[in-house]
1. If you go through the stretch 61-79 one residue at a time, do you hit one that is at pLDDT 95 or above and not polar (S, T, N, Q)?
2. Go through (1) open to solvent by less than 40 Å² (accessible area, probe 1.4 Å); (2) under 19 Å from Trp33 (Cα atoms) and name the single condition Gly123 misses.
3. Quick one: count up the residues across the stretch 158-175 that are farther than 12 Å from Ser86 by Cα and either charged (D, E, K, R) or under 14 Å from the mean Cα position of the chain (by Cα) (or both).
4. Just checking, which of Ser106, Ser117, Ser130 is open to solvent by less than 60 Å² (accessible area, probe 1.4 Å) and either polar (S, T, N, Q) or touching a Cys at 6+ places or on another chain (Cβ under 7 Å) (or both)?
5. Mind checking which residues of the stretch 147-180 are basic (Lys, Arg) and either touching a helix residue (DSSP H, G or I) at 6+ places or on another chain (Cβ under 6 Å) or buried (at least 16 other Cβ atoms within 10 Å of the Cβ) (or both)?
6. Return the residue satisfying two criteria in turn: it lies in the stretch 88-103 and is of a type in the set (D, E, K, R) and surrounded by 15 or more Cβ atoms within 10 Å (Cβ to Cβ), and of such residues it is modelled with the lowest pLDDT.
Amino acid sequence: MADTGLPAGWEVRHSNSKNLPYYFNESQKLSRWEPPPGTDTEKLKTYIAENHSAPEIRLDTLGLNGNTVNSGKIRANHLLVKHRDSRRPSSWREAEIKRTKEEAMSIILGYEARIRSGQSALGQLAMSESDDSSARKMGDLGFFGRGVMQKEFEEAAFQLKPGEMSHVVETASGLHLIER
């Protein structure tokens, strides 16, 4: 059996309703979306990337122009780097995020440079590096209209043209790169 990096008694399961992995402890009958304390996050990151990540986003699920299906809605991908002052400083990668906002900014600026240089694609980086559960879907957030996302995120996403990527966007959740 593959090493998940989870503490004894914990396993990775898959939610059919959310189409995402979660963590379950059979003996304690506990389930949670974030890794339990004591998780080896590097091993978990590798396990999730190999066993619970979408290999690609199917193009036939996109609208005619690749970004809109219904009037007023857009489709976007993102990569999120959380920090200790984020609204919820935990993720599928780390049970407790301890990095400072400055450290998170340095990390995300490095990702932005790699993407803009053509060294990496946002979706590929999101799968292994994003602190958001959309990482499993290459950062795909699906279609959304106004009033759904946090204000700063929404404003940046709706300003982008299809194919464009934002610079770093700060929200209560952390630091984002957004791609339409």
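1. yes
2. (2)
3. Taking the stretch 158-175 and keeping what is farther than 12 Å from Ser86 by Cα, we get 158-169.
Retained after the next criterion (residues that are either charged (D, E, K, R) or under 14 Å from the mean Cα position of the chain (by Cα) (or both)): 161, 164.
The total comes to 2.
4. One residue alone meets the criteria, Ser130.
5. Filtering the stretch 147-180 down to residues basic (Lys, Arg) leaves 151, 161, 180.
Hit for the stretch 147-180 is Arg180, nothing else.
6. The initial filter retains those residues of the stretch 88-103 that are of a type in the set (D, E, K, R), namely 88, 93-94, 96, 98-99, 101-103.
Now restrict to residues that are surrounded by 15 or more Cβ atoms within 10 Å (Cβ to Cβ): 93-94, 99, 101.
On the way: Arg93: 86, Glu94: 89, Arg99: 97, Lys101: 97.
Filtering first and then ranking leaves Arg93.
The values are calculated or read from the model by the stated rules, or taken from the named source; none is laboratory data. Note that the structure is predicted; figures quoted are calculated from it, not measured. Cβ sites come from the backbone with ideal geometry, for glycine too, and all protein chains shown count toward neighbours. Side chains included, ligands, DNA and RNA excluded: accessible areas come from the protein's heavy atoms. Shrake-Rupley method; radii C 1.70, N 1.55, O 1.52, S 1.80 Å.
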